[in-house]
Amino acid sequence: MIEAGGRVAVVTGAARGIGQAIALRLAKAGHTLALGDLHPADETITAIKAMKGAGPGGTGGGSPPCMEEVGGRAFAVECDLGSPGGVALLVREVTSRLGCCDVLVNCAGLMLFRPFGELNLDTWRRIQAVNVEAAFQLCAAFVPGMAQRGFGRIVNVASNTVWKPPGAGFVPYVASKSAVVGFTRALAVELGPSGITVNAIAPGLTRSPGAEEGNTEEHFEEVRTAQAVRRCIEPRDLAGAVPAHLPCPLHGLGRGRHDQRPDAPDRRRPSHLVGR
């Protein structure tokens with residue numbers, strides 16, 4: 001199903017932004033990639049194709065319309081991870097095409113600006129579904145196989161807003177990312193004995209398409225001037241937060257730590273890596 005010695009990495013939110021940067025880094029390290037996103041991942045697939053020097057791309061024979069593959073090393077599934085059906089579609093395609101998941105990066109996220117007085121239950125639930133429940137469902141689907149093989153790496157993307165809320169209008173987002181941190185820490189304790197590590201990266205405000213849709217230029221500028229390094233964080237700055245040597249067995253001995261990159265989003269709070 002995959003090349004001998006290869007690892008399968010599933011990355012959500014990989015069509016653009018941070019997820020795309022992480023997917024490209026993992027592809028460069030030699031992983032076989034399964035990408036899940038609500039948006040088409042053509043740009044990511046094309047970049048992986050160029051990286052690997054694959055032949056002409058396109059939809060493989062017999063593949064459903066939502067699938068695109070390049071050289072057998074990467075494919076994308078267009079799916080709504082805010083719905084159980086969308087998560088099930090991704091799991092089904094990964095299982096049928098690759099057989100397993102060794103590395104799971106839960107990066108898909110939804111950030112909407114809503115003053116609390118204008119917030120309704122549907123919006124609240126939608127944000128929790130994409131940011132928290134999708135991560136839970138994917139872990140529930142792939143962890144049994146990881147445990148059986150005695151190896152697994154899970155990285156959840158949280159946010160530094162857990163420690164430093166950005167201001168009014170982000171209550172459901174901050175609540176969801178706080179849940180991601182709690183989920184990560186509790187799951188790490190439970191899965192560690194099975195050879196599975198669980199960590200979370202907590203980036204600051206990053207100039208990704210999703211963040212640009214949910215924030216104003218004034219907010220980006222406010223955050224930029226409060227940072228130790230006064231430039232907007234770009235998705236490529238976060239790619240290294242999921243180390244290229246992730247599959248290394250020794251890396252599984254690591255405990256949660258702070259990621260002290262110089263482009264940290266706030267002089268008081270660098271991006272964090274939490275877990276066990």
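The values are calculated or read from the model by the stated rules, or taken from the named source; none is laboratory data. Fair warning: this is a prediction, and the values are worked out from it, not measured in the lab. Positions of Cβ are backbone-derived with ideal geometry, glycine not excepted, and every protein chain shown enters the neighbour counts.
List of remarks:
- Tabulated pairs, the stretch 81-108, first in a strand (DSSP E or B), second of a type in the set (Gly, Ala, Ser), C-beta under 6 angstrom, 6+ apart or interchain: 103/9; 106/135
- A single member of 142, 113, 75 is outside any helix (DSSP H, G or I) and within 20 Å of residue 32 (Cβ to Cβ), and it is 75.
- Answer residue from the stretch 174-198, given it is surrounded by 24 or more Cβ atoms within 10 Å (Cβ to Cβ) and of a type outside the set (Val, Ile, Thr) and is nearest to the chain's Cα centre (by Cα) among those: 177
- In summary, residue 52 fulfils each of the numbered conditions (1) closer than 24 Å to residue 140 by Cβ; (2) surrounded by 15 or more Cβ atoms within 10 Å (Cβ to Cβ); (3) at pLDDT below 90 with the single exception of condition (1).
- Residue within the stretch 124-141 that is without any contact (Cβ under 8 Å) to a residue 12 or more places away in the chain, polar (S, T, N, Q) and more than 20 Å from residue 23 (Cα to Cα) present: no
- Extreme residue, nearest to residue 131 (Cα to Cα), among residues of the stretch 4-23 that are touching an Asp or Glu at 6+ places or on another chain (Cβ under 8 Å) and among the β-branched types (Val, Ile, Thr): 12
- Residue list for the stretch 1-18, filter: buried (at least 16 other Cβ atoms within 10 Å of the Cβ), modelled with pLDDT under 90 and not basic (Lys, Arg): 2, 17, 18
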